[in-house]
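Structure record follows, encoded as structure tokens.
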Amino acid sequence: MQQHFSLADCDVVGFDLDHTLCRYHLPQSARLIYDSFAQYLVTEKGYDEDLLILAPDSLDFCCKGLVLDIEEGNFLKLAEDGTVLRASHGTKSMTFEEILENYGRREWKHFNTVSGMVSRTAKYYLYDNYFDLPGALLCARVVDSLDQHDGQKKYDFWKDMVAAIQHNYKISAFKEDCGMYFPEVKNHPDKYLQRCPESVKKWLKQLKNAGKILLLITSSHSDYCRLLCEHILGNDFEEYFDILITNALKPGFFSHTPNQRPFRTLENDEEQEALLSLDKPGWYSQGNAIQLYDLLKKMTGKLDPKVVYFGDSMHSDIFPAHHYSNWETVFILEELLGDKSTVPAKAESEPLEKKGKYEGDQLKVPYFVSKQWGSFFMDRLPGLENAEETSVHTWSCKCISTYSTIAIPSLEAIADLPLDYRFTRFSSNSSATAGYYPSPPRALLPNEDSVTMK
């Protein structure tokens, strides 16, 4: 495989919506997601009311790449070989001795399954995107609460958590003003959504003018997608894309066959009958990558059109697009911003009157390095029996170089580059830092004392 990647070589450019094309004000959206789940657990399922109170620094617990061992109530940070680097029981960090006692120095028991398909099952849940992360903090606090009241050994709260997620995010919730999440974003879009920078809008038009086919593929339902796109891109947002696919139910969009997941047309945001094939560009619901690719062949007149897909979730976007569809993938990783010691200048350019407008939201921005969990990319493994400690890559970091073509902090980071800019891609024979643009995370650079152990 060639060492470089260029958008100029791609026929089709696809985008995820949430946290890719549409960026959120993270402290505010994290708080809203946490509250919407907690409210449900307390009012509908009888959980402790203390869950509704959130200390300002508690979002420090939220760190992408954590895996929840559901039955044990433990959160794990895994090394690339599956050993446990850090762990917490509920919100409480486990000591190195406790980790050794519980997990030893061998691969975590479910690592084979989780690493093979970057998957989730009834036994564990992988937290890999900003919509999920506040739920990790809530689950951890639920474990604390159950320990305090019942002293449980095996935990059975997960079904209630799933019910809370379904209640807030179900397909009819937006229309019915159900749950807490959608009504709040509808009423205060500016509080939660960042408008798309002019440079990105210009870049999307540039891609289209260069003859690229532009796709939007989101698991959000069409009504929420419309609210987001009108807010971030403007009322003419449909003109940016050739094909819009909502309620795509990723990763199933990539892994399912046409029979399992047909495309449907939409009328007034209601899904209509299943389509036997996809014949023309337009707005669709559900669907599958196989029939989409057949349409792309027709539209490009090529047998093997080259597709690149931008997304922020390893589980829903990057792994399945790479694994099932063999698409190029660009991983949006805001953690590359948090790697700097100060807030990026771009984020500071908000007018002063907007700053501090949302009182009580002075929560730590989730993409800054978590004190409890350390770097998303690296960690140190204490040596056994007086041996030296060693620096190791995290499993999350390994996934990035295995399944992404390149990783960038935001679309804005590349919007001003010429379309024929040649990015160095991740590949098995290049260095672990090759595919990060504009620069690799500090934690991965040699002789960098940026990974701290408590």
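The values are calculated or read from the model by the stated rules, or taken from the named source; none is laboratory data. Here the structure is a predicted model, which is why all the values come from computation and not from measurement. Heads up, the Cβs are rebuilt from the backbone with ideal geometry, glycines too, and the neighbour counts pull from every protein chain shown. The area values use the complete protein model at the heavy-atom level, side chains included, leaving out ligands, DNA and RNA. Shrake-Rupley method; radii C 1.70, N 1.55, O 1.52, S 1.80 Å.
Limited to the range 366-391, what total is found for residues that are open to solvent by 30 Å² or more (accessible area, probe 1.4 Å) and either part of a strand (DSSP E or B) or in the same structural domain as F111 (by the TED database) (or both)?
Of the residues in that region, 3 qualify.
Within the range 50-59, how many residues are over 16 Å from I33 (Cβ atoms) and within 22 Å of the chain's Cα centre (by Cα)?
1
Here is a yes/no grid of residues against (1) farther than 22 Å from M378 by Cβ; (2) open to solvent by 30 Å² or more (accessible area, probe 1.4 Å); (3) under 24 Å from the mean Cα position of the chain (by Cα):
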residue: A79; (1), (2), (3): no, no, yes
residue: A87; (1), (2), (3): no, no, yes
residue: R106; (1), (2), (3): no, yes, no
residue: T113; (1), (2), (3): yes, yes, yes
residue: A122; (1), (2), (3): yes, yes, yes
residue: L126; (1), (2), (3): no, no, yes
residue: A140; (1), (2), (3): yes, no, yes
residue: D160; (1), (2), (3): yes, no, yes
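Only one of these conditions is not met by L204: (1) over 24 Å from E49 (Cβ atoms); (2) assigned to a loop (DSSP other than H, G, I, E, B). Which number is it?
(2)
From (1) open to solvent by 20 Å² or more (accessible area, probe 1.4 Å); (2) among the β-branched types (V, I, T); (3) within 30 Å of L296 (Cα to Cα), pick out the condition that doesn't hold for I213.
Result: I213 passes all but (1).
Could we say that T402 is crowded, with 20+ Cβ neighbours inside 10 Å, β-branched (V, I, T) and closer than 19 Å to F111 by Cα here?
no
Just wondering, is there one or more residues in the range 255-268 that are free of Cβ contacts under 8 Å to residues at least 40 places away in the same chain, of a type in the set (D, E) and over 30 Å from P27 (Cβ atoms)?
There is at least one residue in the range 255-268 that is free of Cβ contacts under 8 Å to residues at least 40 places away in the same chain, of a type in the set (D, E) and over 30 Å from P27 (Cβ atoms).
Select from the range 301-339 the residues that are part of a loop (DSSP other than H, G, I, E, B), open to solvent by 10 Å² or more (accessible area, probe 1.4 Å), out of contact with any Ser or Thr (no Cβ under 6 Å at 6 or more places or on another chain) and farther than 16 Å from A407 by Cα and list them in ascending order.
G301, K302, L303, D304, K306, S325, N326
Residue-by-condition table, conditions (1) open to solvent by less than 50 Å² (accessible area, probe 1.4 Å); (2) free of Cβ contacts under 8 Å to residues at least 60 places away in the same chain:
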{"residue": "L133", "(1), (2)": "yes, no"}
{"residue": "D144", "(1), (2)": "yes, yes"}
{"residue": "E176", "(1), (2)": "no, yes"}
{"residue": "G179", "(1), (2)": "yes, no"}
{"residue": "V185", "(1), (2)": "yes, no"}
{"residue": "H188", "(1), (2)": "no, yes"}
{"residue": "S222", "(1), (2)": "yes, no"}
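Would you mind stating whether L228 is closer than 25 Å to H315 by Cα, surrounded by fewer than 20 Cβ atoms within 10 Å (Cβ to Cβ) and modelled with pLDDT of 95 or more?
no
For the range 49-64, give me the residue count where each residue is in contact with a Lys or Arg (Cβ under 9 Å, 6 or more places away or on another chain), surrounded by fewer than 21 Cβ atoms within 10 Å (Cβ to Cβ) and not polar (S, T, N, Q).
6
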